[in-house]
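For reference, the structure is listed below as structure tokens.
The values are calculated or read from the model by the stated rules, or taken from the named source; none is laboratory data. Predicted model only: the values in this text are computed from it and were never measured. Every residue, glycine as well, gets a Cβ built from its backbone with ideal geometry; the counts of neighbours run over all protein chains shown.
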């Protein structure tokens with residue numbers, strides 16, 4: 001026994017010593033003492049070793065979300081997956097339009113204005129911005145757009161080949177700054193392929209690609225783009241990519257719209273573990289990073305110059321356009337029954353659920369879009385009365401109204417009990433915790449299940465209508481910090497408490513399993529994300545189209561719930577026939593779609609996606625935090641480029 | 001001639017059969033797993049909410065099936081694999097399409113071989129020398145101190161040891177970088193600056209591997225030496241007045257080295273599987289992460305490429321050990 005205890009105690013002592021030693025150096029800069037090895041340099045001193053050849057005071061370092069680049073020498077982002085968040089989509093490229101979910105705006109990039117559709121949605125005209133040049137100095141014109149689309153149609157190896165081949169009859173440029181698409185069939189959302197919402201169809205430089213024999217195998221290295229930065233260097237092993245501000249940055253839409261980007265160099269660095277990210281940030285070698293909840297708490301606790309998106313509780317980015325929750329495989333019984341799905345929802349105590357998942361930091365949403373700026377006014381507030389009146393039939397003439405507008409207040413009480421300072425201001429509570437969710441009603445859930453033939457055994461465990469024990473396997477990604485994992489784990493606890501044999505099955509293979517329909521319940525988002533700006537819910541509702549449903553075992557085209565209904569098909573059809581810029585009509589149809597989703601509940605919306613951003617203000621300030629959300633806050637989204645002109649160097 | 005017929009040829013046949021069997025197993029296992037390379041590619045393209053028009057997904061799946069060479073029955077794919085392998089073509093990576101597998105392996109291999117070859121040999125040398133001496137002089141205080149140190153280090157999970165080194169030498173005293181294979185902005189070149197940069201980045205991963213590997217060799221060697229030391233022929237040599245240095249190196253350590261040489265051969269063969277945890281802790285490039293990502297994304301060609309290297313390396317190591325063993329152990333030669 002002593003032989004085992006001794007090493008463990010030694011280890012604990014050693015780690016305690018390391019941790020306590022580690023706290024000191026991170027906070028000393030303010031005291032005027034330079035921690036040993038800290039890359040703290042005055043403008044006059046040469047670049048520190050840790051940054052190789054780059055001057056730290058002119059360099060912004062951000063963590064790369066998707067990790068080490070597997071194709072470091074390949075910048076042909078039109079083929080396969082090329083780790084485009086290494087700076088390609090943020091700094092090198094300008095899309096035609098970008099979504100900025102923080103401001104709710106669509107930003108014109110290479111486009112000069114909105115797309116103009118013909119009445120039958122078979123023709124769309126796009127005006128292009130003048131004065132833009134590629135990073136090698138060649139002017140950007142409509143010929144580049146025409147060439148891009150024609151090339152994508154010509155070669156099957158491009159990701160967007162199928163889309164353009166099936167949609168575009170003809171593309172042409174009546175002049176240098178106008179491009180016209182004639183479509184094979186009506187498509188009122190055709191232009192969204194060029195709308196950057198964490199990716200889009202980017203434009204190829206014609207003068208480079210037209211000289212290439214096989215554009216699918218072409219590595220496009222060095223790459224040429226219309227964004228404000230150009231490639232400086234990259235790690236052949238894939239751990240970092242460095243971008244340098246273009247001398248002619250004013251020829252990029254970013255420069256034209258917002259002025260000169262401040263960092264001369266921007267580095268995207270990949271880390272293989274979160275501990276290394278935190279250590280890098282505490283030593284001022286990493287300016288912006290997405291962490292887990294636990295990682296953010298550690299970074300804020302130890303770094304004096306660190307800050308989160310919100311300066312106080314709940315700290316997190318809570319205006320992300322994505323709704324998280326639970327998805328049922330509605331192609332498999334008993335999850336093909338909406339009353340069973342509703343019973344499982346009512347067996348959830350959302351306060352306990354969210355406390356377990358994210359310590360009460362996220363904003364609840366009772367519908368299949370998040371409680372995000374534009375969606376609150378378009379959908380969440382207008383649906384309040386309908387939600388309050390929404391009624392479930394429990395059988396025997398008994399009914400139940402499940403909506404609970406007090407759920408956010410209960411969540412706020414939980415947060416207070418954790419010691420966080422929560423104002424009683426209803427506006428704050430709505431913004432931080434949402435406008436409502438559903439009641440915790442296990443008794444009602446029981447009635448719904450009994451109505452559908454379920455029963456409890458002698459130990460109180462639920463049995464299926466055929467008498468077999470009810471076992472729910474909830475699959476999710478295996479990454480414990482991911483909200484899919486956290487939702488799945490929280491749901492399992494709630495359902496266990498309710499008497500169901502629920503188990504959580506984390507898997508690295510979750511994408512294949514869910515897309516092939518080989519699962520019961522998953523932590524997948526219960527609906528596709530909306531664009532993040534504007535009222536159009538086509539992107540949320542269209543994946544529920546019955547035309548996309550495939551048998552189990554085949555990759556689904558639509559949502560992994562495999563749910564559809566003729567009623568929803570009709571909503572989608574009408575949305576397709578509506579001009580996306582006609583807000584009133586789009587919202588009216590969107591509301592119909594959301595009500596159907598609430599009634600049918602193919603997946604349970606729980607809370608909006610929350611991001612755990614940690615910014616180090618040692619070298620750079622004026623980050624777009626909650627007090628000044630001039631743009632979206634992530635460095636992995638495309639509009640990061642529009643943040644760069646506003647960042648301020650500290651002069652250290 | 002007898003050596004050829006009875007010893008060499010059976011081993012060469014066994015060598016080829018093991019490789020064929022290994023390739024077949026590696027071909028089958030990923031295909032039997034539920035991992036789907038096309039689903040992984042689509043999921044990654046759709047990551048973070050990127051849009052892929054649902055109406056065109058079917059056609060996209062068709063295109064990817066064609067591009068990845070996944071058409072045809074399992075048997076047809078198996079035959080096509082051997083045709084490719086015999087031409088020296090490992091195919092292209094699905095997930096890092098269209099990068100050839102050989103390029104990906106070639107990119108990661110120098111990091112893995114450089115790190116693991118050095119640390120395996122260093123750990124083996126240090127561990128065996130110290131273990132041999134500590135085993136023979138086991139009553140000395142320095143020997144007992146080394147033994148206690150090894151007992152303290154050995155039970156540590158590698159991850160904790162590596163993390164402790166990272167915290168201590170990378171964060172607290174900040175002598176070494178905390179992540180990566182090179183500094184940011186450093187361009188590869190045969191210059192002293194670049195080599196020094198690579199060595200600095202490799203130091204912590206190497207130290208962690210040498211400490212743990214060396215401790216293992218130390219403990220096994222010490223035990224073997226203690227056993228050999230108790231053998232009659234050693235006692236006889238001592239009683240016969242043979243010089244102690246001669247007893248230590250010619251009688252004891254030479255005999256004790258036999259299983260250690262076998263172990264070294266196998267350890268060298270396993271280098272080609274990479275060192276996943278080392279790569280994760282130190283964000284160090286190498287084959288481990290490449291193989292891990294290939295497995296979780298169902299990148300059949302890449303899995304095949306890396307494991308082929310590993311199978312060939314290990315079977316070759318075993319073959320070489322078999323062939324050179326008679327040089328170390330006369331008993332094998334006499335048989």
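Consider residue A:148 against the criteria (1) buried (at least 23 other Cβ atoms within 10 Å of the Cβ); (2) assigned to a helix (DSSP H, G or I); (3) modelled with pLDDT of 95 or more; (4) touching a helix residue (DSSP H, G or I) at 6+ places or on another chain (Cβ under 6 Å): it satisfies all of them except one. Which criterion is unmet? It is condition (4) that residue A:148 fails.
Within region B:262-289, if we keep just the residues that are at the interface with chain A (Cβ under 8 Å from one of its Cβ atoms) and within 13 Å of the chain's Cα centre (by Cα), the residue that is surrounded by the fewest Cβ atoms within 10 Å (Cβ to Cβ) turns out to be B:289. On the basis of being assigned to a loop (DSSP other than H, G, I, E, B) and surrounded by 22 or more Cβ atoms within 10 Å (Cβ to Cβ), does residue A:524 make the cut? Here the answer is yes, as residue A:524 does meet what is asked. Touching a strand residue (DSSP E or B) at 6+ places or on another chain (Cβ under 7 Å), modelled with pLDDT of 95 or more, in a loop (DSSP other than H, G, I, E, B) and closer than 27 Å to residue A:198 by Cα - does that describe any residue in region A:499-508? Looking for residues that are touching a strand residue (DSSP E or B) at 6+ places or on another chain (Cβ under 7 Å), modelled with pLDDT of 95 or more, in a loop (DSSP other than H, G, I, E, B) and closer than 27 Å to residue A:198 by Cα, one finds none in region A:499-508, hence no.
Name the helices (runs of 4 or more DSSP H) wholly inside region B:138-247 in which the number of residues that are more than 12 Å from chain A (Cβ to nearest Cβ) and under 22 Å from residue B:271 (Cβ atoms) is 2 or more.
On the way: elements: B:141-153, B:158-165, B:192-229, B:232-239.
Answer list for region B:138-247: B:192-229.
Would region A:226-241 turn up any residue that is without any contact (Cβ under 8 Å) to a residue 24 or more places away in the chain and within 10 Å of chain B (Cβ to nearest Cβ)?
At the first step, the residues of region A:226-241 found to be without any contact (Cβ under 8 Å) to a residue 24 or more places away in the chain are A:233.
In the following step, the residues that additionally are within 10 Å of chain B (Cβ to nearest Cβ) were identified as A:233.
Looking for residues that are without any contact (Cβ under 8 Å) to a residue 24 or more places away in the chain and within 10 Å of chain B (Cβ to nearest Cβ), one finds at least one in region A:226-241, hence yes.
Contact map, region A:211-225: residues that are at positive phi paired with residues that are outside any loop (DSSP other than H, G, I, E, B) and surrounded by fewer than 19 Cβ atoms within 10 Å (Cβ to Cβ), Cβ distance under 9 Å, separation 6+ or inter-chain. Pairs shown: A:220/A:208; A:220/A:209.
Under the condition of being more than 10 Å from every other protein chain (Cβ to nearest Cβ) and either within 22 Å of residue B:198 (Cα to Cα) or under 25 Å from the mean Cα position of the chain (by Cα) (or both), the residues counted in region A:264-288 number 6. Would you confirm, using the coordinates I've provided, whether residue A:513 is buried (at least 20 other Cβ atoms within 10 Å of the Cβ), within 27 Å of residue A:477 (Cβ to Cβ) and free of Cβ contacts under 8 Å to residues at least 60 places away in the same chain? Spelling it out, residue A:513 is indeed buried (at least 20 other Cβ atoms within 10 Å of the Cβ), within 27 Å of residue A:477 (Cβ to Cβ) and free of Cβ contacts under 8 Å to residues at least 60 places away in the same chain. Residues in region A:370-385 that are within 21 Å of residue A:538 (Cβ to Cβ), outside any loop (DSSP other than H, G, I, E, B) and in contact (Cβ under 8 Å) with a residue 40 or more places away in the chain: A:373, A:374, A:375, A:376, A:378, A:379, A:380. For the residues B:52, B:64, the requirement of being outside any helix (DSSP H, G or I), more than 7 Å from chain A (Cβ to nearest Cβ), within 22 Å of residue A:157 (Cα to Cα) and more than 21 Å from the chain's Cα centre (by Cα) singles out B:52. Among the conditions (1) away from chain B (no Cβ under 14 Å); (2) buried (at least 17 other Cβ atoms within 10 Å of the Cβ), the only one that residue A:195 does not satisfy is (1).
Could you say whether any residue in region B:77-98 is on the phi > 0 side of the Ramachandran plot, more than 8 Å from every other protein chain (Cβ to nearest Cβ) and surrounded by fewer than 17 Cβ atoms within 10 Å (Cβ to Cβ)? Within region B:77-98, one or more residues are on the phi > 0 side of the Ramachandran plot, more than 8 Å from every other protein chain (Cβ to nearest Cβ) and surrounded by fewer than 17 Cβ atoms within 10 Å (Cβ to Cβ).
Results for (1) within 21 Å of the chain's Cα centre (by Cα); (2) at the interface with another protein chain (Cβ under 10 Å from one of its Cβ atoms), shown as yes or no for each residue.
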| position | (1), (2) |
| --- | --- |
| A:59 | no, yes |
| A:75 | no, no |
| A:80 | yes, yes |
| A:85 | yes, yes |
| A:88 | yes, no |
| A:92 | yes, no |
| A:98 | yes, no |
| A:113 | no, no |
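Would you confirm whether any residue within region A:160-174 is more than 10 Å from chain B (Cβ to nearest Cβ), under 25 Å from residue A:632 (Cβ atoms) and crowded, with 18+ Cβ neighbours inside 10 Å? Taking every residue of region A:160-174 in turn, none turns out to be more than 10 Å from chain B (Cβ to nearest Cβ), under 25 Å from residue A:632 (Cβ atoms) and crowded, with 18+ Cβ neighbours inside 10 Å. Of all residues in region A:446-486, those satisfying the criterion of being in contact with a helix residue (DSSP H, G or I) (Cβ under 6 Å, 6 or more places away or on another chain) and surrounded by 23 or more Cβ atoms within 10 Å (Cβ to Cβ) are A:448, A:449, A:474, A:475, A:476, A:486. Filter region A:522-561 for residues that are on the phi > 0 side of the Ramachandran plot and in contact with a helix residue (DSSP H, G or I) (Cβ under 9 Å, 6 or more places away or on another chain); which is farthest from the other protein chains (Cβ to nearest Cβ)? Once the filter is applied, the top-ranked residue is A:534.
In the set A:276, A:288, A:270, only one residue is crowded, with 21+ Cβ neighbours inside 10 Å and without any contact (Cβ under 8 Å) to a residue 60 or more places away in the chain; that residue is A:276. Out of the residues in region B:33-49 meeting the condition of being assigned to a loop (DSSP other than H, G, I, E, B) and either more than 34 Å from the chain's Cα centre (by Cα) or facing chain A (nearest Cβ under 7 Å) (or both), tell me which one is surrounded by the most Cβ atoms within 10 Å (Cβ to Cβ). The residue in question is B:35. The residues listed here are B:146, B:133, B:168; of these, the one that is within 28 Å of the chain's Cα centre (by Cα), crowded, with 17+ Cβ neighbours inside 10 Å, closer than 20 Å to residue B:200 by Cα and at pLDDT 90 or above is B:168. Might you check whether a residue that is under 28 Å from residue A:373 (Cβ atoms), at pLDDT 95 or above, in contact with a strand residue (DSSP E or B) (Cβ under 7 Å, 6 or more places away or on another chain) and not in a helix (DSSP H, G or I) occurs anywhere in region A:439-447? Checked against the condition, which is being under 28 Å from residue A:373 (Cβ atoms), at pLDDT 95 or above, in contact with a strand residue (DSSP E or B) (Cβ under 7 Å, 6 or more places away or on another chain) and not in a helix (DSSP H, G or I), region A:439-447 yields at least one hit.
For region B:99-112, the candidate set comprises residues that are buried (at least 16 other Cβ atoms within 10 Å of the Cβ) and farther than 23 Å from residue A:218 by Cβ; within that set, the residue that is nearest to the chain's Cα centre (by Cα) is B:112.
Selection within region A:326-341: residues that are buried (at least 24 other Cβ atoms within 10 Å of the Cβ) and in contact with a helix residue (DSSP H, G or I) (Cβ under 6 Å, 6 or more places away or on another chain). The member of this set that is nearest to residue A:609 (Cα to Cα) is A:326. Within region A:276-294, being modelled with pLDDT under 90 and within 15 Å of residue A:309 (Cβ to Cβ) holds for A:292, A:293.
The sole residue among A:188, A:135 that is within 30 Å of the chain's Cα centre (by Cα), more than 14 Å from chain B (Cβ to nearest Cβ) and either at pLDDT below 95 or outside any helix (DSSP H, G or I) (or both) is A:135.
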